[in-house]
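The values are calculated or read from the model by the stated rules, or taken from the named source; none is laboratory data. The structure displayed is predicted, hence computed values, not measured ones. Note that we place each Cβ from the backbone using ideal geometry, even for glycine, and neighbour counts take in every protein chain shown. These accessible areas exclude ligands, DNA and RNA; they are computed on the full protein's heavy atoms, side chains included. Shrake-Rupley method; radii C 1.70, N 1.55, O 1.52, S 1.80 Å.
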Amino acid sequence: MNNRKVIVKIPASTANLGPGFDTLGMALSLYSWIEMSVSERTEIQLFGDQMKGLPRDKSNLIYKVAQLVFKEAGVSVPELLISMYSDIPLTRGLGSSASAIVGALVAANALIGSPLTDDKLFQIATALEGHPDNVGASLFGGIVVSAWDGERADYVRIEPHHKLETLVAIPAFQLSTEKARHALPAQISMADAVFNVGRSSLLVAALASGELGIIRHAMKDRLHQPYRAALIPGMTTILERAHQFGALGAALSGAGPTLIAFVDADCPDKKALERFLLDTLKMEGIEAETLWLSPCAEGPEITVEQRSEQTSGSLLDRIKGDVKA
Ligand code: HSE
């Protein structure tokens, strides 16, 4: 363990997919990397714009989550060398905190010889995040359908359809999950509950069977998006009209503010859809960045090396060529 160095590459995720609030998630081809090894003194190196302002001492989330793994496994590893780089924007609805939690769990577990099962890591990650949708997607890859009762999370993974692509529009402003959850009512009507059970079930069946044409009707939601609309000007127009520009369906990504359109890889005019998203947000005075992302079918990619091999320099040198920028 003392000579071991672990590098993990963790996918971002989109949660809810419209109607599946706190239940559905899909991993996306945008990544974070965490390198972890045992050290004599804890040192935390954070690279990239997304990491600005995050703590570099033992209050860092990665360090704290790693310690949970060691405690659960009954080993003591108080001092760690941790490096992290992320292309996943913070507090935009693309699962940055879930990817950090999953990355820390997976890296720490691999560092001590993987005594904890993936299911155990999923349980810990869900309890830390407070819902299973993003962490499930980042941990297992693909589309993950999950349910959590506060004690145990169960899940089924669905292989993403080979023609499924996504376009995300990431507004230039941040929106905390806490604020976006605060906008939700404590109670909803039976009619709205039935509406969402129907749409969410339809969506899971469509994604599992490859009936992509039904997605447009299945991505509708009455549990959270209508209440969050005021926080994301332009969202309602995008959700209502994205199909006119070739999208299979559209949703708020997680708690927002990112909007996500599901698109058939054969869509004839992807540029028009991209323009529609950007123009709609711009009309509300919102600058945004668009990215075409594929579903990521795999969970974290784990590399374990002997540190003495001196195989590479810093984490950044190591992942150069793989990062977005
Ligand atoms: N299901 C969560 C929500 C995802 O919509 O609040 C964001 O963390």
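Worth pointing out:
- Residue among 197, 292, 260 farthest towards the positive dipole end of the range 164-293, charges placed on Cβ: 197
- Note on residue 175: accessible area approximately 10 square angstrom, rounded to 10, probe 1.4 Å, nucleic acids and ligands left out.
- Each stretch of four or more DSSP H residues adds -39500 (n - 2.57); spread over every residue of the chain, this sum gives -10000 deg cm²/dmol at 222 nm.
- Projecting label points 7 angstrom from Cα along Cα→Cβ for residue 217 and residue 179 puts them 3.7 nm apart.
- Cross-link partners for residue 120 among the lysines, with Cα-Cα distance under 26 Å and sequence neighbours closer than 8 places in the same chain left out: 5, 9, 58, 64, 71.
- 1.4 Å probe accessible area per residue over the chain, in Å²: 43
- Accessible surface for residue 31 stands near 50 Å², nearest 10, in the context of the full protein assembly shown (1.4 Å probe).
- Spacing of the modelled spin labels on residue 120 and residue 317, each 7 Å from Cα toward Cβ, amounts to 3.5 nm.
- Efficiency of FRET between residue 57 and residue 3 - r from beta-carbon atoms, R0 22 angstrom, step 0.05: 0.35
- Relative contact order, percent, the chain [alpha-carbon distance under 8 Å, six or more residues apart]: 26
- Area accessible to solvent at residue 324, 1.4 Å probe radius, in Å²: 100
- Cα→Cβ-extended label distance, 7 Å offset, between residue 154 and residue 42, nm: 3.8
- Relative to the dominant Cα principal axis of the chain, helix 190-209 is inclined by about 70°.
- Segment residue 230-residue 201, length gained on full extension (0.36 nm per residue, minus Cα span): 7.8 nm
- Computed FRET value (nearest 0.05) for residue 287 with residue 266, which takes r as the C-beta separation and R₀ as 25 Å: 0.25
- Loop sites in the range 1-80: GluC sites (Glu not before Pro), DSSP, at most 11 other Cβ within 10 Å: 40
- Residues of type lysines that residue 163 reaches as a straight line, Cα spacing below 17 Å, ignoring anything fewer than 8 places off in the same chain: 270
- Inter-part distance where the range 178-214 and the range 236-301 are each reduced to a Cα centre, Å: 19
- Positive end of the dipole of the chain (Cβ unit charges, origin at the Cα centre): among 304, 247, 55, the Cα lying farthest that way belongs to 55.
- The convex hull defined by the C-alpha atoms of the chain has an orientation-averaged projected area of 16.2 nm².
- Comparing 258, 126, 117 in a Gaussian network model of the chain, where Cα atoms under 10 Å apart are tied by springs, the biggest mean-square fluctuation is seen for 117.
- Of all accessible heavy-atom area on the chain, the percent that carbon and sulfur account for (1.4 Å): 51
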